[in-house]
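Take this structure first; my questions come after.
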Amino acid sequence: MSRIGVFVCHCGTNIAGTVDVEAVADAARQMPNVAYAGTNKYMCSAQGQDYIVDIIKEHNLDRVVIASCSPRMHERLFRKVLAEKTDLNPYLLEVANIREQCSWVHKDKQIGTPKAINLVAMAVAKADCDTQLFTHEIPVTKRALIIGGGIAGIQAALDIADAGFPVTIVERKTTIGGKMPMLDKTFPTLDCSACISTPKMSECEAHPLIEIKTLSEVEKVEGYIGNFDVTIREKAKYIDYDKCTGCGMCETKCPQKKIPSEFNQGMSTRTAVYKPFPQAVPSKPTIDADHCRMLTEGKCGVCAKVCPTGAIDYQDVDRVTTERYGAIVLATGYELIDWTRLYGEYGGGRYADVISGLQFERLVNASGPTEGHILRPSDGTEPKTMVIVKCVGSRDPHKGVPYCSRACCMYGAKHAHQFMDKVPGGKCFVFYMDVRTPGKNYDEFYMNTLHEGARYIRGRISKITRRSDGKLVCLGEDTLSGNVVEVDADMVVLETAMVPPEGAKKLAQTVNTQLGPEGFFTEAHPKLRPVETNTGGLYLAGTAQGPKDIPDTVAQAGAAAAKVIGLLCKQSIESNPMVAHVDDSKCSGCGACVDICPYSAVTLVEKTLRENSRKVTRTVAQVNEGLCQGCGACTVACRPGASDLLGFNDEGIMREVEAYATR
Amino acid sequence: MRYANFPGCSASTTGKAYTESFSYVARHAGIEIDEVPDWNCCGASAGRLQSDDLGDALPARSLANAEAAFGDEPVLALCAGCYSNLRRALVHARESEDRRRQIEALIGQPYEAKADVVCGIDPFLEPEVAQTVKARVTQPLNGLKVACYYGCALVRPRALTTFDDEEDPQSMEAVVKLTGAEPVEWGSKTECCGASHHVSNPTAMKPLVERILADAIDAGAEAIATACPLCNMNLDMREAEINKARAARGEAPLDIPVYFFAQLLASAMGASDAEAGITRNFVPGSSLLAEAKTREVVVELTPEQKKAARIAAAKKQAAARKAAQAAAAAAPAQGKEEAHE
Amino acid sequence: MADVQDTIRERAAALLSSGEVSAVIGWGAGRFDDVRFPLVVKRAEDAGKLVFDASCVQMTAKRLLEHTGEGKVALVARGCESRAVNRFIADHQLTRDQVYVIGVPCPGMVDPATGETLKRCAECQVRNPVVHDELVGDPVPEPKPYRFAEVDRVEAMSREERRAFFDEMYGKCIRCYACRNACPCCTCRECFVEQDKVGWQGKAFNVNEARYYGMIRAFHTGDRCIECGECERACPMGLPLMVIMHQQVRDIDKLFGPYEGGGLTDSGPDPLRTYKTDDIEEFM
C-alpha cells in the first residue's frame, strides 16, 4: 500500500477557470492509495512548493501526484523540490497535465472537471507502480564541435574558444564565412558586411584553440552528451597546406578560367584552382576536382609546374578522422530557394536581368563582378527602372514555403536604397505583401527608403515577360487601389525565401535530432529552450533553426556558446535514469530492439548468467544508458516484454489505462 | 494507343477545324479513337456556378459512360473547357472515397474514376506516337516561328491539370517541334484571352486579345498555335476587328495567322488545307504554311557534332598558325642570309 | 526419393564418423508405414535409421535449438527448414557455423489422412533450400502456387461473416500452444502468454481469450513468418491459422514491399522492426 498525495493546482484561472479543482481534489480522496488531496493557487510558486513539502512530511507520503501544467513545463522543478527538501526519491512523482491537455482545450467546466479527474486517476494508478530511480555521473569531454562555418558557427566558436575550450569548425565549402561576406552592406546601419565578418574569420584562423576543417563533412556521430565520437571526412584539397604559402601563382596560371564563380553567384568566373575570394579562410587555394583538367582528363599540370613550394599534390585523398567532443553546435545555415524551378511566371531563370537578391548584393559590391556598378547582366547597361519583388517563395504555401523568411523586408529596403543611391534618377518599385520591420532601427530605415522615393506597391507580381526591346514587363496588382499595375523594368530583383540547406535531413539523421516540417532543426522548446535540441549536448545556432537576420543569428550563436560553455565547465553530468532496461532472464537476444532503436543505444552482448542454479553464457540485449533517450521504441518491439522503460514501465501504463477504462 | 473521345459542344461547331485536323493526324499516327456513348454537356462554366454537385455530376456522368464502355481507356477532351471540367470531376472523385460515392449517387451509376482524362496535346507526348508523327512529317514547316498559346483552362489550376509548369508549360512546344517548326519563347502563353467576356463585354476582352497577338509578334512569331476551340476562335476571329481599330488609331496591323497545333501537324503530314481545316480559319493561313515548306532546312547539329566541328576548326587554325610560324621563321633567316650577302 | 534417402544416410554417416558434426537431424520411421518422426542421430551406425520419403510432414528445424552448444549439428533441410535456419540466424538464435545444412529439394509431402498433397506443401513458395552446405538430389521446379485464395475468400466476406469466421475458428482453440511450439519464429524464452497480466489476458477457455492469444501471436510473428505452415499442420483442432499469416505477408508487401515472406535471407531487420528517419509519420 502506497501513500499518495494529490496536489491540484489552480494555475490562477488557467486551470480553475475551466476545471473545478476542489471537485478534483474531492474525487482524488476517494481514489485507491490516496492519503491526501489538496489544492493551491500556484503549485510552482515558493509558497506552493512549501505546501507540498509540508504535507509530504505531515502525512508521511511516499508518492506524489501533481495535477498542473504539462510535465515539460515544471516536472523538473517539482523533482528538484522532492530531491532537495524531502526524503522522497524524485522519481516517485507523477504530473497529471490538466492544463494543456484539459483546461486549455475545453471551455466548459462540465467537460473539463470530469476529464481532469480521469487524468488524475490515471496518474494515481501509475504513481503506485513508480519505483525509485537513481542517476549516475557521465564524464564530459571538454571540446566542442561546430558544424557549419558561417557567421553563426564563427561566433559560437570564438565565444567557446575564448572561454578556454578547444573547438573544431567543420565547413563543407572551401572557406568559412558562409553567406555574410557575400553581402555588400548590412541593414540598418549600412556597415560593410565583409569588413565586419572577415576579421572574425581571420580571428578564428589565428585562435590557438580553434581548428578549422574546410571541405569537410560529418559522416557519423556516435555517443551521447559529453562524449560524442564524431567521424569527419576532410575531402582532398590537392594542395599541401603545410607547404602552400597562399601566393596565388597557381590561380593566375590555371588555364581553366571559365568556371562560374559561386561567390559571385555565377556573374563572374573563376579558375579550377582557386580561392573563392581574397579574404577566404584558410587563405589558401583548393583544386576543384570537377573542373581541374589534370584530375578529370589527366593532362595539364600547370599549377604543379608554377608552384614555387611544390605544394600541389594531385594524388591527395580524403582524410577521415574520428574524434571525441563533449558538445555539438549545429550552425548549418540556409540556402535560397531555387526560384527558377518554381516561378515560370518570372521567366524561370530565362531572363538574365531577373536576378536574386544575393546576386544584387554581388552587383552592388565594390569587390563584385562589376566593381560595385549596378549593371544589367544581359548587356552591361545601367538599369534606370528597377523592380523589387518580395516574398518570392516565402509565405507562398502553393509554390514555395509557408513561412516568412524574416530578413527580406529589410534587405529589400536596403536594395531599394542602394539602387537609388547609385543610380541617380533611377526609379525603384517594391512589390510587397506586408512590410515587417520589427527590429531596432529597422522601421526608421524603411521610412528613410520611402522618403528617398522608393515606390512601395502592395501586391505581388503575377507575371514578368521580356519585350523585344529588352524591357521586362512586370504585371501586378496594387491591392490598395485595386488597379492593375504594369511596370517596364530594366532589371528585376527577387527577394527569395530562405530554405534549409541541402543535406540538412541527412545531417539530422547523422546527429540523431529532429527537423520541423519546413526542414529546419527543431529546438527543444520554442520559448524556453530555443537553442537546445531534444538530443542532449546538441545545440542550434543561426538559420539552421529557422530564418533570421544577422543580429539574431549572432545573438543565438552566443546563446548556444553559453550553453556549451555551461556544459563543458562541468567535470561530469547526471545521467537521465528514465531509460530502457533489459530483463536478462526474459531476453532471448533476438535483436529486435537493436534494429528499432533510433539512437543506436542497444547492443547484443554475451553475458554469463545464473539460471536454475546453473551458469550459462547467452547473448542478451544491453542498453547504453548514456545513449538511450527513453523513447520506448524497444519496449514495444520486445515481444516477451524483456525490455522495459524505467519511469514508464509497462505495468504502470497498463494500470493507467485500467484506471481510465474502469472509471 | 486508344482513347475515348469526349467531343463536347464545340467539336462540330467552333472547333470543327480542330476535330478535322486532329482526326487526320490521329488516323496517320496510330491513335485510335472511340466516342464516349451518350455523352452530355461537360457543364462548362455554368454547371459549377449552379452548384458544386452539378459541376461534378455533369462531367462524371460522361466519364462513367466512358468507363462502362471502355474501362480504363483514357478519356480525350480536345476542348480545354471540357478537359478542365472532366478533370475536376475525376480529381474530386479520386481525392476522396466519400466524394466518389456521392458522385455515384448523384449520377445513379457506378463510377470508379479509373480512366484518366487527357487533353489534345497529351497523346503526342507518348514517345511512340511522337516517333510515328515525326516519321510521317513529309512536308516539314521548316523553321516556321510559332508562338504556342495555352490559355488558362489547360494549365490551371495545378491541382486539376497535369502540365509540367502552369506558368511556363513546354508540352505544346515539344509537339509543334515535330513539324519542323520552331517554337518561340514568349511571355503570354498562359495569359487570359478574355473568353468569358467574349459576348458580354467585348470591350474588356479586346485589349487582352490584342496584347497576346502583339506579344507573339514581338517575340518574333509568324504564327500562333492553340489547343482549344475557344482560345482559337477568340484570337482568330477578333484579329480583323482589332486591326481595324488599330488602323483607326494609326497603328500597324497585327498580322499573324492562328492555327490549332493539330492543323500544323496535319499540314506537315501532308494533309490538304481542306483536310486540315485550314480553309476554315478567319485569318488566311494557307500561304504561310506553303511558304514555310519551301524554306531551306537549317540542320541543327548535336553537341557532339558541334564539338567535332570545333576541334576540326581549331586543328585547321593550329595547322595554319604552324605553317605561318614556319614561314615566318624561314623568312627572317632568308632575310639575314640576304643581308650577309 | 529412395536415392536421396540413401545419399542422406551415407552423408550423415560420413559427417558423424569424421566428427564434423555431433548430430544429424532428420526423420525416422514411425510405428505405421506412413508415419515419420523427427529423428536426431548421434552415432554413425544409426545413420541407417534416417528416412526421407513423402511422409516426412513435420518441419524439423526447431530441433536445432535444442542442440546448440553441442558442436556443429547437421540438419536435413528442405525449402521450409532452410528458411527456418535463416530465421534463427536473423533472430540471433544460431550462428551459421553452428549448423551444417544438408539441402534436399522437396517435391512436396503427402497428407497421410487424405492421401493428397499436404496443405503446407500445396502452398509452398520455396521448395529448394535457400541455404545449404551441400545439396542432395537435383533442384526441383518452383511452381510458386497462389497462396492467398483463402485470404481472398475471407476478405470478400462481410464484417459479420468475418466475425463469425474467426469466432468459429477460435471457438475451437484449446490453447495447447502447439502452433507456438512448432513455429520457428517463436523463440522467446518466456512467451507473453505465460506471463501474468491480470485483467489483460487470462487463461480461461473461451473464444475471447483464444482470439486474443491468436491475434497477438500473429502480430508477434507477422513480419518474420517463413510461411512453412507448420503451425496449421501442428494444430490438433485444424484451425486455418495460415489465413492470418498469409494476410499479413500480403499486407506487409503492400505497405512496405516488395516483401515475399521471412527467412529468405539470414539478415534483418524485418519490415516491422526497422527504424528509419524518413518513415512516413502521418500522425505527427
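I'd like the full set of residues that are under 21 Å from B:Arg211 (Cα atoms) and either over 11 Å from the mean Cα position of the chain (by Cα) or away from chain A (no Cβ under 14 Å) (or both), limited to the stretch B:173-188. Full working, then the answer.
Of all residues in the stretch B:173-188, those under 21 Å from B:Arg211 (Cα atoms) come to B:173, B:183-188.
Hits for the stretch B:173-188 are B:Val184, B:Glu185, B:Trp186, B:Gly187, B:Ser188.
Another one. Identify the single condition in (1) under 20 Å from A:Glu22 (Cβ atoms); (2) free of Cβ contacts under 8 Å to residues at least 40 places away in the same chain; (3) out of contact with any Pro (no Cβ under 8 Å at 6 or more places or on another chain) that A:Glu100 does not satisfy, given that it satisfies every other one.
Result: A:Glu100 fails condition (1) only.
I'd like the full set of residues that are closer than 21 Å to A:Ser481 by Cβ and more than 14 Å from chain B (Cβ to nearest Cβ), limited to the stretch A:452-464.
Scanning the stretch A:452-464 gives A:Gly453, A:Ala454, A:Arg455, A:Tyr456, A:Ile457, A:Arg458, A:Gly459.
Return the residues of the stretch A:546-576 that are touching an Asp or Glu at 6+ places or on another chain (Cβ under 6 Å) and among the polar types (S, T, N, Q); say none if nothing qualifies.
Residues satisfying the conditions are A:Ser572, A:Ser575.
Can you pull out every residue in the stretch A:623-646 that is touching a residue at least 60 places away in the same chain (Cβ under 8 Å) and surrounded by fewer than 19 Cβ atoms within 10 Å (Cβ to Cβ)? So that I can check it myself, show each step before the final result.
At the first step, the residues of the stretch A:623-646 found to be touching a residue at least 60 places away in the same chain (Cβ under 8 Å) are A:624-627, A:629, A:642-646.
Passing the criteria: only A:Asn624.
Please count how many residues of the stretch A:404-453 are without any contact (Cβ under 8 Å) to a residue 60 or more places away in the chain and assigned to a loop (DSSP other than H, G, I, E, B).
So the count comes out to 12.
Within the stretch C:40-72, how many residues are in contact with a Gly (Cβ under 6 Å, 6 or more places away or on another chain), farther than 24 Å from C:Glu116 by Cα and part of a strand (DSSP E or B)?
Result for the stretch C:40-72: 0.
Evaluate the stretch A:233-255: report whether one residue or more is buried (at least 21 other Cβ atoms within 10 Å of the Cβ), within 30 Å of A:Gly380 (Cβ to Cβ), touching a His at 6+ places or on another chain (Cβ under 6 Å) and free of Cβ contacts under 8 Å to residues at least 60 places away in the same chain.
Within the stretch A:233-255 (the criterion being buried (at least 21 other Cβ atoms within 10 Å of the Cβ), within 30 Å of A:Gly380 (Cβ to Cβ), touching a His at 6+ places or on another chain (Cβ under 6 Å) and free of Cβ contacts under 8 Å to residues at least 60 places away in the same chain), the answer is no, since none of the residues qualifies.
So which strands (runs of 3 or more DSSP E) stay within the stretch A:465-540 end to end and still have 1 or more residues that are more than 11 Å from the chain's Cα centre (by Cα) and away from chain B (no Cβ under 14 Å)?
A:472-478, A:483-489, A:491-496
Is it the case that some residue within the stretch C:244-267 is over 14 Å from C:Gly222 (Cα atoms) and within 14 Å of chain A (Cβ to nearest Cβ)?
yes
Being more than 14 Å from chain A (Cβ to nearest Cβ), crowded, with 16+ Cβ neighbours inside 10 Å and at pLDDT below 90: is that true of C:Gly214 here?
When the stated conditions are applied, C:Gly214 does not pass them.
So which of B:Ala223, B:Ala195, B:Ala219 ends up being at pLDDT 95 or above and surrounded by 16 or more Cβ atoms within 10 Å (Cβ to Cβ)?
Selected residue: B:Ala223, the only one of B:Ala223, B:Ala195, B:Ala219 that is at pLDDT 95 or above and surrounded by 16 or more Cβ atoms within 10 Å (Cβ to Cβ).
Among the residues of the stretch A:246-272, which ones are touching a helix residue (DSSP H, G or I) at 6+ places or on another chain (Cβ under 8 Å), of a type outside the set (Gly, Ala, Ser) and closer than 27 Å to A:Ser356 by Cα?
A:Gln256, A:Phe263, A:Asn264, A:Gln265, A:Met267, A:Thr271 - these are the residues of the stretch A:246-272 that are touching a helix residue (DSSP H, G or I) at 6+ places or on another chain (Cβ under 8 Å), of a type outside the set (Gly, Ala, Ser) and closer than 27 Å to A:Ser356 by Cα.
Could you go through the stretch A:572-584 and let me know if any residue there is over 16 Å from A:Cys638 (Cα atoms), surrounded by fewer than 21 Cβ atoms within 10 Å (Cβ to Cβ), among the charged types (D, E, K, R) and touching a Ser or Thr at 6+ places or on another chain (Cβ under 7 Å).
Looking for residues that are over 16 Å from A:Cys638 (Cα atoms), surrounded by fewer than 21 Cβ atoms within 10 Å (Cβ to Cβ), among the charged types (D, E, K, R) and touching a Ser or Thr at 6+ places or on another chain (Cβ under 7 Å), one finds at least one in the stretch A:572-584, hence yes.
Given the options C:Gln125, C:Gln98, name the one that is buried (at least 16 other Cβ atoms within 10 Å of the Cβ) and within 14 Å of chain A (Cβ to nearest Cβ).
Answer to the selection: C:Gln98.
Still on this structure, please answer the following. Among the hydrophobic types (A, V, I, L, M, F, W, C), within 14 Å of chain A (Cβ to nearest Cβ) and over 19 Å from the mean Cα position of the chain (by Cα) - does that describe any residue in the stretch C:177-192?
The answer is yes; a qualifying residue exists.
Consider C:Gly108 carefully, then state whether it is modelled with pLDDT under 95, surrounded by fewer than 24 Cβ atoms within 10 Å (Cβ to Cβ), within 14 Å of chain A (Cβ to nearest Cβ) and more than 15 Å from C:Leu264 (Cβ to Cβ).
For C:Gly108, the condition - modelled with pLDDT under 95, surrounded by fewer than 24 Cβ atoms within 10 Å (Cβ to Cβ), within 14 Å of chain A (Cβ to nearest Cβ) and more than 15 Å from C:Leu264 (Cβ to Cβ) - is not met.
For the stretch C:240-260, how many residues meet the condition of being surrounded by 21 or more Cβ atoms within 10 Å (Cβ to Cβ) and assigned to a loop (DSSP other than H, G, I, E, B)?
Of the residues in the stretch C:240-260, 1 are surrounded by 21 or more Cβ atoms within 10 Å (Cβ to Cβ) and assigned to a loop (DSSP other than H, G, I, E, B).
Output the number of residues of the stretch C:105-163 satisfying the condition of being over 18 Å from C:Arg36 (Cβ atoms) and of a type in the set (S, T, N, Q).
3
Shifting gears a bit: Name the residues in the stretch A:504-534 that are polar (S, T, N, Q) and either out of contact with any helix residue (DSSP H, G or I) (no Cβ under 8 Å at 6 or more places or on another chain) or buried (at least 20 other Cβ atoms within 10 Å of the Cβ) (or both), would you?
Within the stretch A:504-534, A:Gln509, A:Thr510, A:Asn512, A:Thr513, A:Thr522, A:Thr533, A:Asn534 qualify.
To continue, here is another question. Pick out the one residue from A:Ala366, A:Ala352 that is of a type in the set (Gly, Ala, Ser) and within 14 Å of chain B (Cβ to nearest Cβ).
Working: A:Ala366 fails: within 14 Å of chain B (Cβ to nearest Cβ).
Among A:Ala366, A:Ala352, only A:Ala352 is of a type in the set (Gly, Ala, Ser) and within 14 Å of chain B (Cβ to nearest Cβ).
Free of Cβ contacts under 8 Å to residues at least 60 places away in the same chain, farther than 20 Å from B:Ala223 by Cβ and within 14 Å of chain A (Cβ to nearest Cβ), is that true of B:Arg100?
no
Listed here are the residues, each with its yes/no results for (1) touching a residue at least 24 places away in the same chain (Cβ under 8 Å); (2) more than 16 Å from A:Met491 (Cβ to Cβ); (3) within 14 Å of chain B (Cβ to nearest Cβ).
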| site | (1), (2), (3) |
| --- | --- |
| A:Asp338 | no, yes, yes |
| A:Phe360 | yes, no, no |
| A:Glu371 | no, yes, no |
| A:Asp379 | yes, no, no |
| A:Thr385 | yes, no, no |
| A:His398 | no, yes, yes |
| A:Pro402 | yes, yes, no |
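From the list B:Val146, B:Val133, pick out the single residue that is among the aliphatic types (A, V, I, L, M) and under 26 Å from B:Val75 (Cα atoms).
Every option except B:Val133 fails the conditions.
The values are calculated or read from the model by the stated rules, or taken from the named source; none is laboratory data. From a predicted model like this one, the values you see are computed outputs, not experimental measurements. FYI the Cβ positions are ideal-geometry reconstructions off the backbone, even for glycines, and counts take in every protein chain you see.
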